[in-house]
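Report on the following structure.
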Amino acid sequence: MGQELHEKISVLSGAAKYDASCATSGSSGFNNKAGNMGTTLPSGVCHSWTQDGRCVSLLKVLYSNVCKYDCAYCVNRASADVKRSSFTVKELAELTSEFYRRNYIEGLFLSSGIFADPDIVMEKLTETAKTLRTEMGFGGYIHLKLIPGTGEKMIREAGKWADRLSVNIELPTEKSLLSLAPEKSKKDIIGAMNDFSNVRCETEEAQYKSKFLPQGKTLSPWFAPAGQSTQLIVGATGEDDRQIINLTSSLYNKFFLKRVYYSAFVHPGQRSTAGNYIDPRLPVTAGPPLVREHRLYQADWLLRFYHFKVNEILTDEHPFLDMHLDPKTMWALNKLDFFPIEVNRADYETLMRIPGIGAKTARRIIENRRSRSLTIENLHRIGATLKRARYFLTANGNYIEKPDDPVRIRRLLSDTDGAGLQLPLFEF
Ligand code: SF4
């Protein structure tokens, strides 16, 4: 590999590292392969997990870090004093193919600075994916970022070659977008999401109709089967968690998003083409709000898998998530009259409302109680986290511990350091 290409990889993989929305969940892929963990590449590769728990590695780069826009939070903004570089379609396709053949990666996550009209930038990303698929027989996973403002025709084309497309919502409100990313507009971002879901619906309908066609005929071969996702920056602007979770909920409902990714605001370097300065548009922070990011992921999980409504998690009076308690425990402590739940009678949805009992454990409880009446000891063996569940359930009418003192329970269940990062995301 030539020195020049090596330098491009270094610049353009470093420039891509702030995008968190590269997980591959939901992909069936163009002949996606298993294995290939543990790459030793120093940068430019992110590890992601599929829905079935496989770890896959993606080459994560920008096509170009030249950008006309000046989003205050971004290291690649027009006014930033950083080294600029761009790939060509051929270079990037060959590089990806070569890394894939050497088992360094299983896929590509490709984004770009906005160096030209959105359709032109998107065309380059799409051409790269198309070259990989048609000329290099690339069967790996491809995730392309949609550039806000890209037209429907180009989105349709991009989806022919990519497993997943995503456009970043960036900030929770139009007002925030205007203050930190004035060249971007909610209309363009939402427009791209909307176009995606319309084409996706069309594709699904065509696929359904294809079932009735003579064998071997199909109406619609491929459109981003792993769906769309988005990323939202947390803590760069003043919105509360309720606004964020409300937005998330409406995005899931309207545009069938697979995932919303939350990215704790990281201060970009302060050097600019005008010399060192502090951008007055950005908040002064001690560090990225990681605990908040984590709590938002947990609240998001409650919406998607536990069927909670936004107003059950957050209200006008309490618009922020508790930094010391996971949101399900927070909800349960505010709703003690809903408990205790008798594990030998409650339905699946109700069981999942108990802190310490997730979807898997709730299913096991239902399976196990078919043959016998469950005791507290059985629950422990089934996998319930009794440290949290103990105050909220009964087995055959027996409590483990009555929730007589909510203040004490709250103290016992709090993460003492406030970090909460050890809490499991899946069963809480
Ligand atoms: S559009 Fe904004 S976020 Fe995207 S690369 Fe350019 S400056 Fe960064």
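The values are calculated or read from the model by the stated rules, or taken from the named source; none is laboratory data. Keep in mind the model is a prediction, meaning the values are calculated, not measured. A quick note on method: Cβ atoms are made from the backbone with ideal geometry, for glycine too, and the neighbour counts reach across all protein chains shown. Heads up: the accessible areas ignore ligands, DNA and RNA and are worked out on the full protein's heavy atoms, side chains in. Shrake-Rupley method; radii C 1.70, N 1.55, O 1.52, S 1.80 Å.
Projecting the Cα positions of A362, M136, A158 onto the charge dipole of the chain (unit charges on Cβ atoms of Lys, Arg, Asp and Glu, taken about the Cα centre) puts A362 furthest along the positive direction. Rounded to the nearest 500, the helix-only mean residue ellipticity at 222 nm of the chain stands at -11500 deg cm²/dmol, with each DSSP H run of n ≥ 4 adding -39,500 (n - 2.57). The simple spin-label model puts a point 7 Å past each Cα toward its Cβ; for N334 and K153 those points are separated by 5.0 nm. To test your reading of the geometry: what angle, between 0 and 90 degrees and rounded to tens, separates the Cα axis of helix 3-14 from the longest principal axis of the chain? Between the helix axis and the principal axis of the chain, the angle is about 30 degrees. The mean accessible area for residues of the chain, using a 1.4 Å probe and ignoring ligands and nucleic acids, is 46 Å² per residue. Compared with the dominant Cα axis of the chain, that is its longest principal axis, helix 359-368 is turned about 40°.
Just so you know, the Rg over Rh for the range 280-358 is 1.07, from Cα atoms, with Rh as the Kirkwood radius.
The listed peptides 242-251, 352-361, ordered by packing as a protection proxy, come out as 352-361, 242-251 (highest mean of other Cβ atoms within 10 Å first). Cross-link reach is defined here as a Cα-Cα straight distance under 16 Å, omitting same-chain residues fewer than 8 places apart; for K328 the aspartates and glutamates meeting it are D241, E293, D300, E312, D337, E349, D415, E427.
Using a probe of 1.4 Å on the protein chains alone, the accessible area found for Y348 is around 70 Å².
For the pair A286 and C55 in one chain, pulling the backbone fully straight at 0.36 nm per residue adds 79.9 nm over the alpha carbon distance.
At a 1.4 Å probe radius, carbon and sulfur cover how many percent of the accessible area of the chain?
52 percent
Across the alpha-carbon atoms of the range 115-226, the computed radius of gyration and Dmax are 15.9, 55 angstrom. With both labels modelled 7 Å from their Cα along Cα-to-Cβ, the K360 to Y252 distance reads 2.0 nm. Exceeding 29 Å between C-alpha atoms, which entries from my cross-link table qualify? They are K160/K186; K160/K254; K209/K254; K130/K209; K130/K184; K153/K309. Too far apart for the 29 Å limit: K153/K309. Computed from Cα positions, the angle between helix 290-305 and the longest principal axis of the chain comes to roughly 70 degrees. Overall size of the range 65-168 from C-alpha positions, given as principal axis extents largest first: 39, 31, 20 Å.
Would you mind estimating how fast the chain diffuses translationally, via Stokes-Einstein at 37 °C and 0.692 mPa s with the Kirkwood radius over Cα pairs, in µm²/s?
Working: Rh = 23.6 Å.
Using the Kirkwood radius from Cα pairs, D works out to 139 µm²/s.
Here the 3J(HN,Hα) profile of the range 189-204, calculated from phi with Karplus coefficients 6.51, -1.76 and 1.60 at θ = phi - 60°, is 5, 5, x, 5, 5, 5, 4, 4, 5, 5, 5, 4, 4, 4, 4, 5 Hz, Gly and Pro shown as x.
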